[in-house]
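Structure, as structure tokens:
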Amino acid sequence: MKRRVVSIAIDAASTSLLDAWIAAGHLPALASLRECSARADLRAGETYRAETPLTCFLTGCEPEQTGYWSLLRFSPPDYAIHDIGAYDFSEYPPFYALGGDYRVIAFDLPHSRPLAGVGGLQVASWGAHSPLAPRESRPAGLLAELERRFGAHPALLRDEATLWRPQELERLEERLLVGLDRRAEICAHLLKEEPWDLFLAAFGETHSGGHYLWHLSQEDHPLSRLCRNAGKDPLLRVFQGVDRGIERLRNAVPDDTYFVIFAQEGMEANCMDLPSMVFLPELLYRISFGRAGLGGANGPLGDVELPARTWVPAVWSTQALKSPLRRFIRAKLPSTLSYRLDSLWRGDELEPLRPCDSGDLPYQPAMWFRHLWPRMQAFALPSFAEGYIRVNVRGREAGGVVEPQDYDRVCDQLTAEIMALTDARSGKPIVHAVRRTRQTALDNSPKLPDADLIVLWRSQPTDTVESPTRGRIGPIPFYRAGSHTERGFAWISGPGITAGTQLAEGRPTSVAPTVLALLGAKIPGYMKQAPLVRVV
């Protein structure tokens with residue numbers, strides 16, 4: 001029997017923040033919805049938390065099935081990094097590709113693409129955080145029509161800010177709030193004016209808000225005491241915008257509609273950006289060449305400070321240089337002039353590249369070392385979450401230097417070096433574990449991730465680390481305020497659902513079969529997770 005289902009992602013929402021704000025009376029619509037729902041905790045995989053959970057939701061498949069681990073793909077023949085965008089869904093379609101049996105509206109789902117096999121309306125990249133796919137719709141004119149009537153999302157591909165620049169943060173907050181209101185208006189319009197059995201949407205504003213506004217909201221970030229205004233909470237304002245949107249959607253549908261509200265992952269004070277983007281690439285550089293590249297600080301460690309420039313030039317200015325003049329140019333001059341003057345020096349062949357010369361990802365310091373990867377025994381791949389290490393294996397990489405029979409030994413040595421890293425301010429270890437992804441050096445299954453080793457960081461933000469063998473790295477300015485956790489949630493409400501029931505823990509891949517079960521549709525056999533709840 002067909003049933004109507006609305007499934008809404010509150011992208012990367014922190015369960016603990018939602019609980020606290022609901023208890024304080026700040027989110028009345030979400031409080032009402034949670035009260036009438038059965039609830040489940042979701043736990044994503046501990047690796048590739050930034051890239052995979054949304055694709056897991058869309059397909060109902062783990063990355064071990066799809067082989068999709070990241071939007072970035074490493075090329076062993078030329079050491080290039082390719083941006084492949086969203087998963088292509090060629091092997092596993094989105095779970096809502098139900099043909100003509102069900103009328104589906106899929107509006108602005110991150111990491112999705114409009115595809116054949118979906119009966120209904122599809123809109124991609126109207127305003128999603130990190131959409132990864134071209135702006136298009138099915139039917140073709142729908143996206144343009146919606147933008148003419150309701151407006152564009154002001155934060156599309158502009159949902160970033162420098163953490164220590166108040167005006168940038170205020171502009172970001174305003175863009176997110178305007179986008180939230182327009183998103184709710186569009187969703188309510190589609191729900192009222194179009195026929196549908198399944199409605200799918202996502203509030204992605206909470207994702208970018210968590211990344212860039214966390215330190216203005218929560219005291220557990222080192223920048224909180226320097227940047228936070230106790231009378232303001234911009235992240236709460238973003239969630240209150242979501243709350244208003246949820247209320248509007250509930251008022252637009254019949255009372256017997258099933259709701260699935262979920263977050264495929266969570267957010268916390270950022271403990272991954274600097275370790276993965278700066279500390280790990282630099283550590284591997286020092287291991288290979290016995291010298292410092294970035295973050296070579298000496299002397300007593302002072303308090304956390306706010307740099308005078310944006311993040312990339314601020315990190316670039318920490319390069320270890322012998323020339324006082326070059327150090328002055330890096331630290332004091334505007335970045336465009338600094339890069340131009342710096343190019344006048346012939347330089348050292350082992351120096352990191354200037355960001356403007358490092359390719360398509362200049363904000364990823366790992367890419368500043370890319371010209372040296374063929375000469376290194378292992379190097380860090382660009383990352384948005386955990387630390388990813390590729391061992392430079394002879395016979396696999398074009399310029400491989402590690403013999404396959406030495407692979408295990410090198411992995412063990414690297415693991416020991418990494419596990420010894422400590423927070424230079426507290427002395428506490430910063431690494432939780434290092435995971436191996438391959439049994440042998442030449443295991444090239446297309447389902448495996450590019451990384452040979454994945455570094456899992458402890459939940460403690462730091463701007464400086466200490467290696468007992470390679471010295472101090474940092475201080476480095478913080479990049480984003482919030483980073484992902486593997487913890488999410490699902491709230492399920494509707495006829496026959498017992499309110500307040502605590503369901504068994506699930507995974508992001510549990511949401512798709514749950515929605516299909518509520519809808520009354522067949523669940524594909526390749527989906528390994530059972531529905532969180534069934535309706536008899």
* To do: Give the residue, chosen from Thr469, Thr440, that is hydroxyl-bearing (Ser, Thr, Tyr), at pLDDT below 95 and on the phi < 0 side of the Ramachandran plot.
  => Thr440
* **Residue satisfying all of: in segment 50-80; assigned to a strand (DSSP E or B) and not small (Gly, Ala, Ser); farthest from the chain's Cα centre (by Cα) among these** => Phe74
* Within segment 497-505, is even one residue out of contact with any Ser or Thr (no Cβ under 9 Å at 6 or more places or on another chain) and of a type in the set (Ser, Thr, Tyr)? -> yes
* Failed condition for Val278, given (1) outside any helix (DSSP H, G or I); (2) crowded, with 24+ Cβ neighbours inside 10 Å; (3) hydrophobic (A, V, I, L, M, F, W, C); (4) touching a Pro at 6+ places or on another chain (Cβ under 6 Å), with all others met? -> (1)
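Going by the conditions given, is Asp220 surrounded by fewer than 17 Cβ atoms within 10 Å (Cβ to Cβ) and closer than 26 Å to Asp19 by Cβ? Give the steps one after another, and end with the answer.
Working: surrounded by fewer than 17 Cβ atoms within 10 Å (Cβ to Cβ): yes; closer than 26 Å to Asp19 by Cβ: yes.
So Asp220 passes the test.
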* **Subset tally (residues that are of a type outside the set (A, V, I, L, M, F, W, C), in a loop (DSSP other than H, G, I, E, B) and farther than 11 Å from Gly474 by Cα) for segment 303-335** => 9
* To do: Restrict the check to segment 258-269 and report whether at least one residue is closer than 30 Å to Arg43 by Cα, in contact (Cβ under 8 Å) with a residue 40 or more places away in the chain and not in a strand (DSSP E or B).
  => yes
* **Matching residues, segment 376-396, being among the hydrophobic types (A, V, I, L, M, F, W, C) and without any contact (Cβ under 8 Å) to a residue 60 or more places away in the chain** => Val393
* To do: Could you tell me whether segment 420-427 includes any residue that is surrounded by 15 or more Cβ atoms within 10 Å (Cβ to Cβ), closer than 28 Å to Glu505 by Cα and of a type in the set (S, T, N, Q)?
  => no
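Looking only at segment 176-199, which residues are farther than 21 Å from Ala152 by Cβ and either buried (at least 23 other Cβ atoms within 10 Å of the Cβ) or within 22 Å of the chain's Cα centre (by Cα) (or both)?
Residues of segment 176-199 farther than 21 Å from Ala152 by Cβ: 192, 195-199.
Answer for segment 176-199, where residues must be farther than 21 Å from Ala152 by Cβ and either buried (at least 23 other Cβ atoms within 10 Å of the Cβ) or within 22 Å of the chain's Cα centre (by Cα) (or both): Leu198, Phe199.
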* Structure fact -> When restricted to Arg390, Arg370, the only residue modelled with pLDDT of 95 or more, surrounded by 17 or more Cβ atoms within 10 Å (Cβ to Cβ), assigned to a strand (DSSP E or B) and touching a strand residue (DSSP E or B) at 6+ places or on another chain (Cβ under 8 Å) is Arg390
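Can you confirm whether Ala202 is of a type in the set (Gly, Ala, Ser), surrounded by 17 or more Cβ atoms within 10 Å (Cβ to Cβ) and assigned by TED's automatic domain parsing to the domain that holds Asp108? First the steps, then the outcome.
Values: of a type in the set (Gly, Ala, Ser): yes; surrounded by 17 or more Cβ atoms within 10 Å (Cβ to Cβ): yes; assigned by TED's automatic domain parsing to the domain that holds Asp108: yes.
It is true that Ala202 is of a type in the set (Gly, Ala, Ser), surrounded by 17 or more Cβ atoms within 10 Å (Cβ to Cβ) and assigned by TED's automatic domain parsing to the domain that holds Asp108.
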* Is there a residue being assigned to a loop (DSSP other than H, G, I, E, B), in the same structural domain as Gln240 (by TED's automatic domain parsing), more than 22 Å from the chain's Cα centre (by Cα) and acidic (Asp, Glu) anywhere in segment 156-169? -> no
* Asked: Can you tell me which residues in segment 489-512 are closer than 22 Å to Pro254 by Cα and touching an Asp or Glu at 6+ places or on another chain (Cβ under 6 Å)?
  -> Pro495
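One line per residue, one yes/no per condition, for (1) buried (at least 18 other Cβ atoms within 10 Å of the Cβ); (2) touching a strand residue (DSSP E or B) at 6+ places or on another chain (Cβ under 6 Å); (3) part of a loop (DSSP other than H, G, I, E, B):
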site	(1), (2), (3)
Lys2	no, no, yes
Leu18	yes, no, no
Leu30	yes, no, no
Arg34	yes, yes, no
Ala40	yes, yes, no
His82	no, yes, no
* Structure fact -> Here the qualifying pairs (Cβ atoms under 7 Å; residues six or more apart or on different chains; first in segment 42-71 and assigned by TED's automatic domain parsing to the domain that holds Pro131 and without any contact (Cβ under 8 Å) to a residue 60 or more places away in the chain; second aliphatic (A, V, I, L, M) and buried (at least 20 other Cβ atoms within 10 Å of the Cβ)) come out as none
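Going by what's in this entry, would Glu62 be described as modelled with pLDDT of 95 or more and surrounded by fewer than 23 Cβ atoms within 10 Å (Cβ to Cβ)?
Numbers: modelled with pLDDT of 95 or more: yes; surrounded by fewer than 23 Cβ atoms within 10 Å (Cβ to Cβ): yes.
Yes; evaluated as a whole, the condition is true for this residue.
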* To do: Just name the residue that is nearest to Phe57 (Cα to Cα) out of those in segment 98-153 that are of a type in the set (S, T, N, Q) and without any contact (Cβ under 8 Å) to a residue 24 or more places away in the chain.
  => Gln122
* Asked: Tally time: how many residues in segment 192-219 are of a type in the set (Gly, Ala, Ser) and within 22 Å of Pro94 (Cβ to Cβ)?
  -> 3
* Asked: Does Leu353 satisfy the criteria of being modelled with pLDDT under 90, assigned to a helix (DSSP H, G or I), assigned by TED's automatic domain parsing to the domain that holds Ile473 and surrounded by fewer than 20 Cβ atoms within 10 Å (Cβ to Cβ)?
  -> no
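Listed here are the residues, each with its yes/no results for (1) touching a Ser or Thr at 6+ places or on another chain (Cβ under 9 Å); (2) within 22 Å of Phe384 (Cα to Cα); (3) part of a helix (DSSP H, G or I).
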| site | (1), (2), (3) |
| --- | --- |
| Gln122 | yes, no, no |
| Pro131 | yes, yes, no |
| Pro134 | yes, yes, no |
| Glu147 | no, no, yes |
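When you scan segment 503-512, do you find a residue that is outside the structural domain of Ile10 (by TED's automatic domain parsing) and either surrounded by fewer than 17 Cβ atoms within 10 Å (Cβ to Cβ) or under 22 Å from Ser70 (Cβ atoms) (or both), even just one?
Within segment 503-512, the subset outside the structural domain of Ile10 (by TED's automatic domain parsing) is none.
No, segment 503-512 contains no residue that is outside the structural domain of Ile10 (by TED's automatic domain parsing) and either surrounded by fewer than 17 Cβ atoms within 10 Å (Cβ to Cβ) or under 22 Å from Ser70 (Cβ atoms) (or both).
Which residue out of Arg237, Arg244, Arg250 is assigned to a helix (DSSP H, G or I) and farther than 30 Å from Leu198 by Cβ? Break it down into steps so the answer makes sense when it comes.
Values: Arg244 fails: farther than 30 Å from Leu198 by Cβ; Arg250 fails: farther than 30 Å from Leu198 by Cβ.
Of the residues listed, the single one that is assigned to a helix (DSSP H, G or I) and farther than 30 Å from Leu198 by Cβ is Arg237.
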* Which condition number in (1) of a type outside the set (Lys, Arg); (2) within 27 Å of Ser112 (Cα to Cα); (3) modelled with pLDDT under 95 is the one that Asn229 fails? -> (2)
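Taking the stated definitions as given, is Thr498 within 19 Å of the chain's Cα centre (by Cα), of a type in the set (S, T, N, Q) and either assigned to a loop (DSSP other than H, G, I, E, B) or assigned by TED's automatic domain parsing to the domain that holds Val253 (or both)?
Working: within 19 Å of the chain's Cα centre (by Cα): no; of a type in the set (S, T, N, Q): yes; either assigned to a loop (DSSP other than H, G, I, E, B) or assigned by TED's automatic domain parsing to the domain that holds Val253 (or both): yes.
No; evaluated as a whole, the condition is false for this residue.
The values are calculated or read from the model by the stated rules, or taken from the named source; none is laboratory data. A quick note: this is a predicted structure, and the numbers were derived from the prediction, not measured. Positions of Cβ are backbone-derived with ideal geometry, glycine not excepted, and every protein chain shown enters the neighbour counts.
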